[in-house]
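K.L.:
Below is one structure. I have some questions about it.
The values are calculated or read from the model by the stated rules, or taken from the named source; none is laboratory data. Computed from a predicted model, the values in this text were never measured in an experiment. Backbone-built Cβ (ideal geometry, glycine too); neighbour counts: all protein chains shown. Surface accessibility is based on the protein's heavy atoms, side chains included, excluding ligands, DNA and RNA. Shrake-Rupley method; radii C 1.70, N 1.55, O 1.52, S 1.80 Å.
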Amino acid sequence: MKTDLLAAIDSAATLDALEAVRVSALGKAGSVTALLKTLGGMSPDERQVQGPRIQGLREAVTTAIATRKASLDRAELDARLASETLDMTLPAAAAPQGSVHPVSQVMDELAEIFADLGFAVATGPEIEDQWHNFTALNMPESHPARAMHDTFYLSPSPLRGEGRGEGASASVGVLGDPAQPLSPTLSLEGEREMYVLRTHTSPVQIRTMMGQQPPIRIIAPGRVYRSDWDATHTPMFHQIEGLVIDKGITLGHLKWTLETFLKAFFERDDIVLRLRPSYFPFTEPSAEVDVGWTMEKGRRTLGGSEGWMELLGSGMVHPRVIAACGLDPNEWQGFAFGVGVDRLAMLKYGMDDLRPFFEGDARWLKHYGFSA
Ligand code: PHE
């Protein structure tokens, strides 16, 4: 019996098979257990002979099972280690990584360039009231420039109609009469309650002049909105506004500032600017600024003056705007400019379509060298 059991134990190929052998020998109904039970019915003499033999058998079987179990455990562990190999020397799988967006990159660069010229960064709300976006900038309600901006109008808050029962009739795109308070209970200054998505960063000029005493030197980068969509127009885009208010400021200061900034931004000393008379309601005189280009390796490249490309709007801040902000236009003068950040990015990085700026396609970013 001993030989059979030990052979069965040695040949048990798995832990389950080994357990079956253990139960058949040492379990409640096992063969060795049955032998042990016979001891009770033996005479003392017989027991003295059989006792040690049977106990010896039990011990031999128990030890053999433990030994076999240890070797099966080790085999199982070896098999697992072999199948779950980790090669620590392999390079880690590449995880997709984000990168700085060209627009953010350009805004950061501009903030740095203008910081060197002593300009602080100012901000304003993207949901702007019509007084800041238009009226204070010398664009009264009937002004045609308002229509030119393709403005997104926000429907007035229903609260404002309370008491006159006309809140519900206000709708998107309909201009109220700013001279008429919309509600007798909430009669704030009329159009200060009428909101638009700001169409330019120029309202930040107003907020800055109203919020701090000159001298003022700020840039205001941010999102602006116009209802427009093609290769070079998106309904949301980015501008950076510049504003200087001080004593004795002239167009010369404006031109020098723009030249200095564009040379630093495009990293070329041969940037040439041309100021062309233009019209903006909030500047007088107003100038459209063109930047010169030359053909280099068959491509238009900024620098030189073979041809001209329109780049930004600017001018001397209109005395009426200065006055609307509560400053004395006889004491304070200044210049302002506004430029499309997306356009600057396109020119700097040679991109020809604005739409991918807002599509979040990592391949496009990578193509222009923006992947991390
Ligand atoms: N706000 C003007 C625009 O969006 C640009 C501008 C800014 C022009 C400041 C003059 C001065 O077109």
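K.L.:
Can you tell me which residue among Leu327, Leu312, Leu302 is under 20 Å from Asn133 (Cα atoms), away from the ligand (no atom under 16 Å from the Cβ) and of a type outside the set (Lys, Arg)?
P.N.:
Leu327
K.L.:
Would you mention how many residues in segment 131-165 are in a loop (DSSP other than H, G, I, E, B), at pLDDT below 80 and not charged (D, E, K, R)? Steps first, please.
P.N.:
Step one: of segment 131-165, the residues in a loop (DSSP other than H, G, I, E, B) are 134, 138-143, 149-152, 154-157, 162-165.
Filter once more, keeping what is at pLDDT below 80: 149, 155-157, 162-165.
Applying the additional criterion that residues be not charged (D, E, K, R) yields 149, 155-157, 163, 165.
Of the residues in that region, 6 qualify.
K.L.:
What about Glu128, is it within 27 Å of Ala323 (Cα to Cα), touching a helix residue (DSSP H, G or I) at 6+ places or on another chain (Cβ under 8 Å) and at pLDDT below 90?
P.N.:
Against the criterion (within 27 Å of Ala323 (Cα to Cα), touching a helix residue (DSSP H, G or I) at 6+ places or on another chain (Cβ under 8 Å) and at pLDDT below 90), Glu128 does not qualify.
K.L.:
Going by what's in this entry, would Gly124 be described as within 30 Å of Tyr195 (Cβ to Cβ) and open to solvent by less than 80 Å² (accessible area, probe 1.4 Å)?
P.N.:
yes
K.L.:
If I ask for residues that are more than 21 Å from Gln105 (Cβ to Cβ) and surrounded by 13 or more Cβ atoms within 10 Å (Cβ to Cβ), which ones from segment 234-255 would you list?
P.N.:
Scanning segment 234-255 gives Pro235, Leu243, Val244, Ile245, Asp246, Ile249, Leu251, His253, Leu254, Lys255.
K.L.:
Would a scan of segment 272-282 turn up a residue that is closer than 22 Å to Ala345 by Cβ, away from the ligand (no atom under 14 Å from the Cβ), free of Cβ contacts under 8 Å to residues at least 60 places away in the same chain and in a loop (DSSP other than H, G, I, E, B)?
P.N.:
Yes: one or more hits.
K.L.:
Please list, ordered by residue number, the helices (runs of 4 or more DSSP H) wholly in segment 311-372 having 2 or more residues that are within 30 Å of the chain's Cα centre (by Cα) and closer than 22 Å to Thr123 by Cβ.
P.N.:
Numbers: elements: 319-324, 341-349, 362-367.
By residue number, 341-349.
K.L.:
Condition (residue is among the aromatic types (Phe, Trp, Tyr) and at pLDDT 95 or above) applied to segment 211-233: is it met by at least one residue?
P.N.:
yes
K.L.:
Only residues that are within 12 Å of the ligand (Cβ to nearest atom) and over 29 Å from Asn330 (Cα atoms): list them for segment 229-252, please.
P.N.:
Correct list: Phe237, His238, Gln239.
K.L.:
What's the number of the condition Pro96 fails, among (1) touching a residue at least 12 places away in the same chain (Cβ under 8 Å); (2) assigned to a helix (DSSP H, G or I)?
P.N.:
Status for Pro96: all satisfied but (2).
K.L.:
What's the total number of residues in segment 88-109 that are touching a helix residue (DSSP H, G or I) at 6+ places or on another chain (Cβ under 7 Å) and among the hydrophobic types (A, V, I, L, M, F, W, C)?
P.N.:
3
K.L.:
When the residues of segment 330-362 are narrowed to those that are closer than 17 Å to Asp230 by Cβ and within 16 Å of the ligand (Cβ to nearest atom), which ends up most open to solvent (accessible area, probe 1.4 Å)?
P.N.:
Going through the qualifying residues, I end up with Arg343.
K.L.:
Further, regarding this structure: Look at segment 328-361 and say how many of its residues are closer than 23 Å to Phe265 by Cβ, of a type in the set (Gly, Ala, Ser) and out of contact with any helix residue (DSSP H, G or I) (no Cβ under 8 Å at 6 or more places or on another chain).
P.N.:
Residues that pass the stated criteria total 3.
K.L.:
Give Thr85, Thr63, Thr14 a once-over and let me know the one that is open to solvent by 50 Å² or more (accessible area, probe 1.4 Å), touching a helix residue (DSSP H, G or I) at 6+ places or on another chain (Cβ under 8 Å) and not acidic (Asp, Glu).
P.N.:
On the way: Thr85 fails: touching a helix residue (DSSP H, G or I) at 6+ places or on another chain (Cβ under 8 Å); Thr63 fails: touching a helix residue (DSSP H, G or I) at 6+ places or on another chain (Cβ under 8 Å).
Sole residue among the options that is open to solvent by 50 Å² or more (accessible area, probe 1.4 Å), touching a helix residue (DSSP H, G or I) at 6+ places or on another chain (Cβ under 8 Å) and not acidic (Asp, Glu): Thr14.
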